[in-house]
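Colleague: Please find one structure pasted underneath; my questions will follow.
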Amino acid sequence: MTATEFELTLTVEEEALLPSEQDVAFYAAHGWYLSKKLLTDDEVDALTAAADRYYDGERDRRLPVRPPRLAYWDPSKGPVQRHNDYVHHEHDGLGAILRKPLIGAVAARLARATEIRIFQSTLIYKPPVSGEPSNIVPWHFDKHYWASSSSENMLTAFIPMHDCGEEMGTITMVDGSHRWTEVGADDTVVRHFAERDRDQLEEMLAENAAHNGVRIRKVPMVIPKGHLSFHHCRTYHGSGANVSGRPRRAISLHLQDGDNAWREHPLSDGTLAAYNHDVLVRRTHDGRPDYADPEYCPVIWRHRAAQGG
């Protein structure tokens, strides 16, 4: 057995934490899933301590170039909602926990995939500042930003560092929206929600719900410490104000199945949709960005049958 195979195994106790077939069917129907307790209290506390060190400036490595749409809060930006990308790459204390095989195994079962790789990780800090506009995350779905990815099975694990409920502005899903037929999309959808008009995003959600003949049902994720929520890459989601008096601290861990690869996605001006990875990752033999580059997109789960074990 290789070191990689050893690292990607689960204990008997962890096997019991995987989604059941009923859970997988629920995810397929609703586009989201609230996990069992996948991280111990010690692991969550270690994640929090690592995030504190990250905010204090600790890095194990830096990105060699700055991608064009990098989210990268620093103290000069003030008490707004903080977003910092690539934390799994830059900080080993954060990365070690985010690469926990159990997280990948849960994602693999939900996506019915044999391999799961990290796609992106974003450290988030939502301050308890009443009326702070950046705390409101408008309705969107992640696949819009991943137009250069071939897979339709990508998903995100939302990992709070504490109990997380509605008063903290928890992540909220639009139930079943990943199954909608989309209308009204144009080139603007490939831009991050922070770069788009919030009213336009609200209108797009309403327009798509009406087109599909469904009522918008918003489901706030009430997530106990150590539990994670997962959502499909086409599930509309957002979040509201943090009125708890305490910061909401979390990581959005974006995950790709083993079949995902870079693809051409032309925009109306003739350019191609791009992702920040495109200036960082290695190239395939035919010159395409390699979304399987282990430096930025490490494998965190591979089914033993796929390993040859």
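Colleague: If you go through region 75-121, how many residues are within 18 Å of GLU21 (Cα to Cα) and of a type in the set (A, V, I, L, M)?
Modeller: So the count comes out to 9.
Colleague: Report, by residue number, each residue of region 61-83 that is among the charged types (D, E, K, R) and more than 22 Å from the chain's Cα centre (by Cα). Walk me through it before giving the result.
Modeller: So the first thing to find is which residues in region 61-83 are among the charged types (D, E, K, R), and the list is 61-62, 66, 69, 74, 77, 82.
Selection gives LYS77 alone.
Colleague: If I ask for residues that are outside any helix (DSSP H, G or I) and either at pLDDT below 65 or crowded, with 18+ Cβ neighbours inside 10 Å (or both), which ones from region 165-174 would you list? Let's see the steps before the verdict.
Modeller: Start the filter on region 165-174 by keeping residues that are outside any helix (DSSP H, G or I), which leaves 165, 169-174.
Of everything in region 165-174, those that are outside any helix (DSSP H, G or I) and either at pLDDT below 65 or crowded, with 18+ Cβ neighbours inside 10 Å (or both) turn out to be GLY169, THR170, ILE171, THR172, MET173, VAL174.
Colleague: Just a yes or no: is a residue in region 130-142 polar (S, T, N, Q), within 16 Å of the chain's Cα centre (by Cα) and assigned to a loop (DSSP other than H, G, I, E, B)?
Modeller: Restricting attention to region 130-142, the residues satisfying the condition of being polar (S, T, N, Q) are 130, 134-135.
Okay, now just the ones that are also within 16 Å of the chain's Cα centre (by Cα), so none.
Taking every residue of region 130-142 in turn, none turns out to be polar (S, T, N, Q), within 16 Å of the chain's Cα centre (by Cα) and assigned to a loop (DSSP other than H, G, I, E, B).
Colleague: Please find, within region 114-161, the residue that is surrounded by the most Cβ atoms within 10 Å (Cβ to Cβ) out of those that are in contact with a Pro (Cβ under 7 Å, 6 or more places away or on another chain) and aliphatic (A, V, I, L, M).
Modeller: The extreme case among them is ILE118.
Residue-by-condition table, conditions (1) out of contact with any strand residue (DSSP E or B) (no Cβ under 7 Å at 6 or more places or on another chain); (2) exposed (fewer than 15 other Cβ atoms within 10 Å of the Cβ); (3) at pLDDT below 75:
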| residue | (1), (2), (3) |
| --- | --- |
| HIS178 | no, no, no |
| ALA185 | yes, yes, yes |
| PHE193 | no, no, yes |
| GLY213 | yes, yes, no |
| MET221 | no, no, no |
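Colleague: Within region 228-260, count every residue that is over 20 Å from GLU43 (Cβ atoms), within 17 Å of the chain's Cα centre (by Cα) and not aromatic (Phe, Trp, Tyr).
Modeller: 12
Colleague: Report, by residue number, each residue of region 10-67 that is assigned to a loop (DSSP other than H, G, I, E, B), more than 29 Å from MET173 (Cβ to Cβ) and not acidic (Asp, Glu).
Modeller: First, the residues of region 10-67 that are assigned to a loop (DSSP other than H, G, I, E, B): 10-11, 16-20, 31, 38-40, 56-67.
Add one more test, that the residue is more than 29 Å from MET173 (Cβ to Cβ), and what stays is 11, 56-66.
Those that are assigned to a loop (DSSP other than H, G, I, E, B), more than 29 Å from MET173 (Cβ to Cβ) and not acidic (Asp, Glu): THR11, GLY57, ARG59, ARG61, ARG62, LEU63, PRO64, VAL65, ARG66.
Colleague: At least 2 residues that are at pLDDT 95 or above and farther than 30 Å from GLU182 by Cβ in each: list the strands (runs of 3 or more DSSP E) lying fully within region 235-305 that qualify.
Modeller: On the way: elements: 237-239, 248-257, 299-302.
Result: 299-302.
Colleague: Which of the residues belonging to region 33-62 are closer than 17 Å to GLY93 by Cα and in contact with a strand residue (DSSP E or B) (Cβ under 9 Å, 6 or more places away or on another chain)?
Modeller: Going residue by residue through region 33-62, those that are closer than 17 Å to GLY93 by Cα are 39-62.
Selection gives LEU39, VAL44, LEU47, THR48, ALA51, TYR54, TYR55.
The values are calculated or read from the model by the stated rules, or taken from the named source; none is laboratory data. Model, not experiment: these values are computed from the prediction. No Cβ is skipped: glycine too gets one built from the backbone with ideal geometry, and neighbour counts run over all protein chains shown.
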